[in-house]
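The values are calculated or read from the model by the stated rules, or taken from the named source; none is laboratory data. Being a predicted model, the structure only gives us computed values, none of them experimental. As a convention, Cβ positions derive from the backbone with ideal geometry for all residues, glycine included, and neighbour counts pool all protein chains shown. Accessible surface is based on the protein model in full, side chains and every heavy atom, while ligands, DNA and RNA are left aside. Shrake-Rupley method; radii C 1.70, N 1.55, O 1.52, S 1.80 Å.
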Amino acid sequence: MGMFATGVTLVTLRTPQGELAGLTVNSFNSVSMHPPLIVWSLAERSHSLAAFCAASHYAVNVLAADQHALALQFASSSGDRWRGVDWRPGLGGAPLVAGALAHFECVNQHHQTEGDHTLFIGRVERCSHHADLAPLIFHGGKFFAEPPV
């Protein structure tokens, strides 16, 4: 599956206690246009799994080409992932990361375990994008930045 090029996202939320959670995800896809639904997956061993299962809302922040360092920061299992991150609250308090190519603000509609991952279906309540930004791409275990064609 590593030979399939994907975009790179940060999926983020704010817990009812006000704590921020987020992680780098490249298993993100559209499911339906009517109603607007997306899907992404999270490993069962993830320390963030319980927070995402319990969340009412989350945001999918599609990273721009210049946000490679941010993708690595949120992929790390050590340190403060939120240190130095510019963001604003979206629906349900879910963080919208500044400079992202797109934001999908979602209601956590459904999740289910399949194999060693949990699939999350989000109902998109609001979205925005910056058509003038190039995407961050992940392929073969490496990040790439290509300008739009």
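How many residues are β-branched (Val, Ile, Thr), more than 13 Å from the chain's Cα centre (by Cα) and modelled with pLDDT of 95 or more if we restrict to the stretch 13-38?
Number of matching residues: 1.
Kindly indicate which of 64, 75, 100 is under 15 Å from residue 9 (Cβ atoms), among the small types (Gly, Ala, Ser) and modelled with pLDDT under 95.
Every option except 75 fails the conditions.
What's the number of the only condition in (1) open to solvent by 50 Å² or more (accessible area, probe 1.4 Å); (2) modelled with pLDDT of 95 or more; (3) closer than 21 Å to residue 5 by Cβ that residue 125 fails to meet?
Only one criterion is unmet by residue 125, namely (3).
Residue by residue through the stretch 60-96, note down the ones that are out of contact with any helix residue (DSSP H, G or I) (no Cβ under 7 Å at 6 or more places or on another chain) and either within 13 Å of residue 129 (Cβ to Cβ) or of a type in the set (S, T, N, Q) (or both).
Once the filter is applied, which keeps residues that are out of contact with any helix residue (DSSP H, G or I) (no Cβ under 7 Å at 6 or more places or on another chain) and either within 13 Å of residue 129 (Cβ to Cβ) or of a type in the set (S, T, N, Q) (or both), the stretch 60-96 yields 60, 61, 62, 64, 67, 73, 76, 77, 78, 96.
Going by what's in this entry, would residue 131 be described as under 25 Å from residue 69 (Cβ atoms), of a type in the set (Gly, Ala, Ser), without any contact (Cβ under 8 Å) to a residue 24 or more places away in the chain and open to solvent by less than 50 Å² (accessible area, probe 1.4 Å)?
No.
Yes or no: residue 105 within 13 Å of residue 60 (Cα to Cα), part of a strand (DSSP E or B), out of contact with any Lys or Arg (no Cβ under 6 Å at 6 or more places or on another chain) and among the acidic types (Asp, Glu)?
No; evaluated as a whole, the condition is false for this residue.
Take residue 88 and decide whether it is over 11 Å from the mean Cα position of the chain (by Cα), basic (Lys, Arg) and assigned to a strand (DSSP E or B). Give the derivation first.
Numbers: over 11 Å from the mean Cα position of the chain (by Cα): yes; basic (Lys, Arg): yes; assigned to a strand (DSSP E or B): yes.
When the stated conditions are applied, residue 88 passes them.
List the residue pairs whose Cβ atoms are under 7 Å apart, where the first residue sits in the stretch 47-61 and is touching a residue at least 12 places away in the same chain (Cβ under 8 Å), the second is open to solvent by 40 Å² or more (accessible area, probe 1.4 Å), and the two are 6 or more positions apart or on different chains.
53/111; 56/92; 57/91; 57/92; 59/104; 60/28; 60/104
Pairs needed: first member in the stretch 32-43, aromatic (Phe, Trp, Tyr); second member anywhere, open to solvent by less than 20 Å² (accessible area, probe 1.4 Å) and at pLDDT 95 or above; C-beta distance under 8 Å; at least 6 residues apart or different chains.
Every condition considered, the pairs that remain are 40/9; 40/11; 40/60; 40/120; 40/122.
Scan (1) of a type outside the set (A, V, I, L, M, F, W, C); (2) over 14 Å from residue 25 (Cβ atoms); (3) open to solvent by 60 Å² or more (accessible area, probe 1.4 Å) for the single condition residue 111 breaks and write down its number.
(2)
Would you please name the residue that is modelled with the lowest pLDDT, looking only at residues in the stretch 47-61 that are touching a strand residue (DSSP E or B) at 6+ places or on another chain (Cβ under 7 Å) and under 11 Å from residue 22 (Cα atoms)?
By that ranking, first place goes to 48.
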